[in-house]
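So the structure is just underneath, and the comments pick up after that.
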Amino acid sequence: MKTLTSLSLIAALSCFSLHANPAQTFPMELTAKGHAYIRANLNQLESYPMVLDTGAQTGLLPQSILPLLKLDDKALSTDQAVGATGAVQMQTATLGSTVVGSFEHKDLNYLVRDMVKLTLPDGKMPGILGHDFLQHYCVDLNFKEAIVSLNKGACDAAAVAGLQATPFKIEDNFVRLTAQVQGVTTAVLLDTGAHHSFINTPLYKQLSGLTVNGTEQTGGMTGHTQDRQVLAGLSYQLNGHTVKEARSYLADMHVFKHLGYADKPFMLLGINAFKNGRMVLDYANKTLYFQQ
């Protein structure tokens, strides 16, 4: 039995076939909680909302749409999934075709879970496109213009000109960076499925000037919940470029320990700080470009 990990705070390889295409642009839509999604064709099901989530090793589908996908028994199985707030046995499904624009991937694996809290006004619960899909593209999240652009391979140099840049590496199918937080070298994992950023207690204890403004709860794809404390005043540097977070969270998420950061400084980097600008992932050159 394999274990699939999803850091996604909204929820939690494959053969693929891609046709040669220029960059393609799609409307960016947001859930009520601020998660960015686009539309994909899944087998026979057309134009289904799918969140773009670098914090998920694999994608996710709502249980409610399985009958519409016309899967045979061989396409379904069960695996252990480790999410942000816990671990659980989950059903998985292999889709024959996942299509966004004219980009097609065959035989992608998806975890199966209804994410009721993300239900859209039309009654649909969005799914997730995870690392196994995103890794083949230059992924341009243009929040200012409310569009998403996908380009097979490396980003066009002109498209990222003038943006701030920081290198990343891929480890365990996650995007990992390093930040300086008040001089503390901190491991960072990019999670575009998280609407805000999180820091853990080992990092928090080394910082000053942060304000705690109450306690909330975080839910994950496994159905478990954990407390989180609301923070104000967090700022950090990515490759020397300063990023300021108007709102962030302090929490020792279950998955942080799973990743080996129970007692080391760690930050889960969400998308909220970039909502007035752009975030571009160049997987081919392992560079994150951004503009606040």
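The values are calculated or read from the model by the stated rules, or taken from the named source; none is laboratory data. As the structure is a prediction and not an experimental result, all values here were calculated from the model. Ideal geometry is used to build each Cβ from the backbone, glycine not excepted, and the neighbour counts take in all protein chains shown. Just so you know, the surface numbers come from the protein's heavy atoms only, side chains and all, with ligands and any DNA or RNA stripped out. Shrake-Rupley method; radii C 1.70, N 1.55, O 1.52, S 1.80 Å.
A compact table of results
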{"quantity": "Of all accessible heavy-atom area on the chain, the percent that carbon and sulfur account for (1.4 Å)", "calculated": "48"}
{"quantity": "Out-of-range pairs (alpha-carbon distance over 23 Å; input LYS33/LYS244; LYS144/LYS257; LYS33/LYS257; LYS33/LYS124)", "calculated": "LYS144/LYS257; LYS33/LYS257"}
{"quantity": "Theoretical FRET efficiency, 1/(1+(r/R0)^6), r = Cβ-Cβ of LEU71 and ASP156, R0 35 Å, to 0.05", "calculated": "0.40"}
{"quantity": "Whole-number D in µm²/s for the stretch 97-170 (Stokes-Einstein; Kirkwood sum over Cα pairs; 25 °C, 0.890 mPa s)", "calculated": "163"}
{"quantity": "Calculated FRET value between GLN292 and LYS169, using beta carbons and R₀ = 25 Å, to 0.05", "calculated": "0.65"}
{"quantity": "Calculated FRET value between ASP79 and LYS124, using beta carbons and R₀ = 22 Å, to 0.05", "calculated": "0.35"}
{"quantity": "Added length on full extension, which subtracts the Cα-Cα distance from 0.36 nm per residue, ALA146 to THR215", "calculated": "21.8 nm"}
{"quantity": "Spin-label model distance (nm) - ALA23 vs SER208, 7 Å beyond Cα toward Cβ", "calculated": "4.4"}
{"quantity": "Binned Cα-Cα distance frequencies in the stretch 133-292 - 10 Å width, integer %", "calculated": "10, 40, 35, 14, 1"}
{"quantity": "Proportion of all alpha-carbon pairs of the stretch 212-292 beyond 21 Å (%)", "calculated": "42"}
{"quantity": "Accessible area per residue, Å², the chain with all protein chains present, probe 1.4 Å", "calculated": "41"}
{"quantity": "Leading residue at positive end of dipole, the chain (Cβ point charges), from PRO22, PHE198, THR58", "calculated": "PHE198"}
{"quantity": "Chain lengthening between LEU30 and LEU45 when straightened (0.36 nm per residue, less Cα-Cα)", "calculated": "3.3 nm"}
{"quantity": "Ratio of the Cα radius of gyration of the stretch 170-255 to 2.2 N^0.38 Å, where N counts its residues", "calculated": "1.09"}
{"quantity": "Sparsely packed GluC sites (Glu not before Pro) within the stretch 135-229, loop by DSSP, other Cβ within 10 Å at most 15", "calculated": "GLU145"}
{"quantity": "For the chain, size of Cβ-based charge dipole, Lys and Arg +1, Asp and Glu -1, in debye", "calculated": "440"}
{"quantity": "Extreme residue, positive dipole direction of the chain, given options VAL160, TYR261, THR185 (C-beta unit charges)", "calculated": "THR185"}
{"quantity": "Estimated 222 nm signal from helices in the chain, with DSSP H stretches of n ≥ 4 weighted -39500 (n - 2.57), rounded to 500", "calculated": "-1000 deg cm²/dmol"}
{"quantity": "For the chain, with +1 on Lys and Arg beta carbons and -1 on Asp and Glu, the positive-most of VAL175, GLN217, VAL139 along the dipole", "calculated": "GLN217"}
